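Undergrad: One structure is given below, represented as structure tokens, and several questions about it will come after.
The values are calculated or read from the model by the stated rules, or taken from the named source; none is laboratory data. This one's a predicted model, so the numbers in the text were calculated from it and none came from an experiment. Every residue, glycine as well, gets a Cβ built from its backbone with ideal geometry; the counts of neighbours run over all protein chains shown. Side chains included, ligands, DNA and RNA excluded: accessible areas come from the protein's heavy atoms. Shrake-Rupley method; radii C 1.70, N 1.55, O 1.52, S 1.80 Å.
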Protein chains: 4
Amino acid sequence: MNTFGRLFRVTTFGESHGPALGAVVDGCPARIPLAEADIQPLLDRRRPGTGPLVSPRAEADRVAILSGVFEGVTTGTPIALVVMNEQARSSDYDALRDVYRPGHADITYAAKYGVRDHRGGGRSSGRETIGRVAAGAIALKLLSLRGIAVAGRVVSIHGVEGEAAMVAEIAAAAARGDSVGGIVEVVATGVPAGLGDPVFGKLDAAIAGALMGIGAVKGVEIGDGFAVAARFGSENNDPILPGGSGSNRAGGILGGISTGAPIVARCAVKPTPSIALPQRTVDAAGEAVEIRVGGRHDPCIAPRLVPVAEAMLGLVLADALLLHDAYGR
Amino acid sequence: MNTFGRLFRVTTFGESHGPALGAVVDGCPARIPLAEADIQPLLDRRRPGTGPLVSPRAEADRVAILSGVFEGVTTGTPIALVVMNEQARSSDYDALRDVYRPGHADITYAAKYGVRDHRGGGRSSGRETIGRVAAGAIALKLLSLRGIAVAGRVVSIHGVEGEAAMVAEIAAAAARGDSVGGIVEVVATGVPAGLGDPVFGKLDAAIAGALMGIGAVKGVEIGDGFAVAARFGSENNDPILPGGSGSNRAGGILGGISTGAPIVARCAVKPTPSIALPQRTVDAAGEAVEIRVGGRHDPCIAPRLVPVAEAMLGLVLADALLLHDAYGR
Amino acid sequence: MNTFGRLFRVTTFGESHGPALGAVVDGCPARIPLAEADIQPLLDRRRPGTGPLVSPRAEADRVAILSGVFEGVTTGTPIALVVMNEQARSSDYDALRDVYRPGHADITYAAKYGVRDHRGGGRSSGRETIGRVAAGAIALKLLSLRGIAVAGRVVSIHGVEGEAAMVAEIAAAAARGDSVGGIVEVVATGVPAGLGDPVFGKLDAAIAGALMGIGAVKGVEIGDGFAVAARFGSENNDPILPGGSGSNRAGGILGGISTGAPIVARCAVKPTPSIALPQRTVDAAGEAVEIRVGGRHDPCIAPRLVPVAEAMLGLVLADALLLHDAYGR
Amino acid sequence: MNTFGRLFRVTTFGESHGPALGAVVDGCPARIPLAEADIQPLLDRRRPGTGPLVSPRAEADRVAILSGVFEGVTTGTPIALVVMNEQARSSDYDALRDVYRPGHADITYAAKYGVRDHRGGGRSSGRETIGRVAAGAIALKLLSLRGIAVAGRVVSIHGVEGEAAMVAEIAAAAARGDSVGGIVEVVATGVPAGLGDPVFGKLDAAIAGALMGIGAVKGVEIGDGFAVAARFGSENNDPILPGGSGSNRAGGILGGISTGAPIVARCAVKPTPSIALPQRTVDAAGEAVEIRVGGRHDPCIAPRLVPVAEAMLGLVLADALLLHDAYGR
């Protein structure tokens, strides 16, 4: 449940306000050059307080490699990655111990486990993605050695495109104590044809599961996605031309297998559920209460989701690449 | 790769024009009343030639249970399900042996495996779903005994809603030798709160992977899906009220765990890639050729995808239910 | 639970007196020449009534390939294998419906599932190995193309070695309505160094699990096995010499990874629990009864276990070989 | 490869002389009381320098819980466990950088990965078991809450039984710079009938794989094990009596499923391969060299293997118990 992948496997752990977060990467090939410096940049991009679209905050999130690397290269053994949590003021969350925030996992964790770490969302916090991103950085390193690159971007915020306009949408919502949603796109280039395993391990199925498994994502599409539902076949099929296709409506995947064209996926990201405006909810006793979620929260989570989506796509592709290698190269 | 699920596990097999298709269901609890009559109706619904939205054709697709059932109840051992292929005219496909149909998996299978069964699409045929649907029917039976019901429907065809209008869209496309896409929705009711496993086994991630893994699906969304990207948090959060919520924008899942509200998922289905209109493609030697795909093909695959989507949602939920049971409820 | 392997995966199904037994092999590489004739010989060797050590009986056990092979080669898709059960006289087993045979799984299946197919042992019958053997034959074919051969033999019966002596032991036991145990050895030659994955996927661990998972096996050892417990290190270590080692006490595995020397494993096989002599047991109501198990039963199961052990070792090695290939060698 | 279990899952990491060793336990039920004090005692038992049969040495091996526990109970999220390696004198191992110790995994790791951490055996060190033991302690805690106890012991050393005689055997070997092997037994009591999943997840198969996967183990047997190979059926079958059986030759498992009687397993442990006596081997260039392995090494590894075997049996049973719970009992 906390392990992802078949050959390039990642197990993550950690809560928002526990001692540490991290991941164990099992199945990374040996002899890949690797150091913390390969991982830290992607972690830095997911940190709060970087970039024009997110609010400033101070957390270091320094990663340490505890195993699996010797004299600068991977050894084929598990790579344990840890980020220690700094001293967080957990008491800030005392008010949330017995109340369920709307749009959050508070009520479902309580239903599932009968117990929860309420501090900062515990395991359901956005900080959980630290483990994914750290592990994903290793996957992306492996892919880069095979000529595959992954890049993400914010496509739109609140239905608006263009960076200045998107920044304005976020600022306007924040000013009212509200939040907004957006759309994030990730693209992988250099992917060879033939990755992906029919029928339940299709590459698009794996990508969809990987991206929908990121908190706040409510929709995933590949290539032209939902737009295809309103098309004719004659306008949707990519013609196949000698040397490639002139179009890529399929988003680089046919029948669950990569075509060699860029792989294109998009996620719909919901507005941050933590807002300062009053909301109706219940407490642990089931009594109706009103809640305003204080503290500093990103008014839009989409920008910070970009490196997470890159990491997840990287994990899917690294796994698919090793599976492909297993069968006859 | 051809196995789905962790506890309620399904392995499918079979090609369009091989001797048989089917599935092995492993992990179905013992003492569930089961007979072919529980499975055949869902298979009949996926057959061609049923319902107002699809074209008539004659195939029996009779399922046989080969194991795992004794004196009318499951025994806890694997349930093997087989549907024999009737004598198909494979020679109809001789022209496709060395040419790749646009929008199909012909070219990607060739890239991946270096060999392919070209007859009717082989493993990438829509007939592959017979195994899923047969297995899914058992999952749905299990769920029904726990008070959970799954139902799907076509939401729109070519952007149009309403059954008469949708039929007209399909008919119009078919008349021109073309095809159209659509949107299919599946809803599960009676799902208890607490199903789904963070962080990589989230219920929405599992559903997204399951539905995107159906051929022709290019997008999946949960609850209000892509619409949330253009919303404010204050209008997207479902308030939590004593005794439930007045809205279900989240589609029954928060933090990857079921809330107890109906689970709602939608798939974008691309237009059938097989069309009678001329298309540009290449043959196995890489030479440019023109192709018109003859034979009888559904001008819209969305209606036939409904029972497949129900089956896949059933498989996800049956698996999640058993996993939930494992942890002490 | 009924699936074995990580990349070369086998799912088996079927009961002794159900309609059919078989297996689905998923993850066999494409373009391997394969036909029923590659599988039938190993199945024939596991059949009753062949060889000097077993009793004559008449069953055909003809295997049919239902999928995954096209024009004489594997396509990379699942290979479904089926053996239909001939019309067995299930009524022979009516007397066993409500009584538990000592040494058999009757009582544990009843405890686990609350229901069981009592006819011929149902799923716990020796006929269950048909699926394993059919699948194992494909693994052995794959291995043979890579220069790896697997061969098994009966080492001893009732503590006695030599074929004539072993036959005499079996005959003597059978004459008294009793049965005897024995030891079976399997050896793989041509295995390259480097197969096996520390720490939980060690090659010896996988072999031990595979062989102990055969019915009637109560012990497994690798190389010199239990004998090492009474040795000094100076006499147990295999010296490493240029060009190989002069000894192979380790049985071809060090640290869970193959050394390149032959892999040697042995299984302790218990006496057939079905004997004609009277035994004390209980019925389903818990009442004490005396039982004599009639019908034709092998007085020693060890000889028939040889092809099953070969099949299981083949499955382990095929899986390890593909895993090894995945990591770039 | 470094993950064990299906529902109670453990992923271990770490090398002998790297920064840390540890494990992530995923799938432990919520609301189990847990603290470091539940784990440390089993770790202490596996440390060098405790008990009459092992040599004194000083290492702390203090475990820290990094996640998954909140206010003294498990939360259902992954439990990360870490033991930091103290400053070891890695330079002691410089002489082993380019030479392969007989009986060790040095040569097979080099063959498999093309690179290895030679310091203290790296991942193939006995210190790797720290992660297993720490995780196993949690499994044993869970089992204890269900009335299941696991206990191990050294049965014999160099073929000799009795503690004083065994100590003498070890001392005599050590005095000569040699080592000796032994046999370790683990017994689980209180196990309910019905655990284990035919056919590939049989309880005895899982135990065999788990125990054979411990370094230095070359054989595993269940119940009377290899002795059954020289018996008649009439003397090997346990009679079934009302209220249980008078004997337990089967070691608590029939048909791969627990009977309710104590589960008994034994491992053959080879003599420590590191000995001070001269041995023939090769260096990384393939040249013949003589080696004497200096430093402090246990002259017999069997005593220290006892808590490791308990941990592995605990992991198998915890997993089997949760799987059993999943199916409705």
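Undergrad: Starting with the highest mean, order A:179-186, B:25-32, D:204-211 by the number of other Cβ atoms within 10 Å, averaged over the residues of each peptide.
TA: Answer by packing, highest mean first, reads D:204-211, A:179-186, B:25-32.
Undergrad: First compute the accessible area of the range B:3-327 with a 1.4 Å probe, then give the percent of it belonging to carbon and sulfur atoms.
TA: Of the solvent-accessible surface of the range B:3-327, carbon and sulfur hold 54 percent.
Undergrad: Can you compute the modelled spin-label distance between B:L145 and C:S144, with each label point 7 Å from Cα toward Cβ, in nm?
TA: 4.4 nm
Undergrad: So, in Å, what gap is there between the alpha-carbon centers of the range C:155-226 and the range D:83-124?
TA: Using only Cα atoms to place each centre, the spacing works out to 33 Å.
Undergrad: Follow-up question, since we're still on this one. What residue in chain C has the Cβ closest to the axis turning C into A, and how close is it in whole Å?
TA: C:A326, 2
Undergrad: What are the residues whose amide H is under 5 Å from the amide H of D:L34, where those residues sit 5 or more places off or on another chain and H is modelled from the backbone?
TA: D:V73, D:T74
Undergrad: At q = 0.08, 0.09, 0.14 Å⁻¹, what is the log10 ratio I(q)/I(0) for chain D, with the Debye formula run over Cα points and no solvent?
TA: -0.40, -0.51, -1.16
Undergrad: Could you give, in nm with one decimal, how far B:P278 is from each other copy of that position, shortest first, with labels 7 Å out from Cα toward Cβ?
TA: Label point to label point, same position, other copies: 7.0, 8.7, 9.1 nm.
Undergrad: At what distance in angstrom do the alpha carbon centres of the range B:269-329 and the range D:280-329 lie from each other?
TA: So the separation of the two Cα centres works out to 47 Å.
Undergrad: Further question on the same structure: From the label point of B:G328, set 7 Å from Cα along Cα→Cβ, how far away are the matching label points in the other copies, in nm, ordered shortest to longest?
TA: Copy-to-copy label distances at B:G328, shortest first: 2.4, 4.3, 4.8 nm.
Undergrad: So how much accessible surface do C and D hide from each other in total, probe 1.4 Å, in square angstrom to the nearest 100?
TA: Approximately 7600 Å², summed over both chains.
Undergrad: Which lysines have a Cα less than 23 Å from the Cα of A:K218, not counting those fewer than 8 places away in the same chain?
TA: Partners found: A:K112, A:K202, A:K270, B:K202, B:K218, B:K270.
Undergrad: Under a crude label model (7 Å from the Cα following the beta-carbon direction), how far is B:E36 from B:D98 in nanometres?
TA: Result: 4.3 nm between the two label points.
Undergrad: Assume the label is 7 Å from Cα along Cα to beta carbon: what separations in nm does D:G159 have to the matching positions in the other copies?
TA: Listed shortest first, these distances are 1.7, 8.7, 8.8 nm.
Undergrad: For A:A168 and B:S247, what is the calculated FRET efficiency with R₀ set at 35 Å and r taken between the beta-carbons, to the nearest 0.05?
TA: So the FRET efficiency works out to roughly 0.80.
Undergrad: Taking each residue of B:76-86 in turn, how many C-beta atoms of other protein chains fall within 10 Å of its C-beta, and what is the average?
TA: 6
Undergrad: Please report, in whole Å, how far the alpha carbons of the protein assembly as shown spread along each principal axis, starting with the longest.
TA: Projected onto its principal axes, the Cα set of the protein assembly as shown covers 83, 69, 63 Å.
Undergrad: Over the range A:249-329, what relative contact order in percent results from Cα pairs under 8 Å that are six or more residues apart?
TA: 19 percent
Undergrad: Next up: Accessible area per residue of the protein assembly as shown at 1.4 Å probe, in Å²?
TA: Counting only protein heavy atoms, the per-residue value for the protein assembly as shown is 31 Å².
Undergrad: Do the sum for the protein assembly as shown: with -39,500 (n - 2.57) for every DSSP H run of n ≥ 4, divided by all residues, what is the mean residue ellipticity at 222 nm, to the nearest 500 deg cm²/dmol?
TA: -8500 deg cm²/dmol
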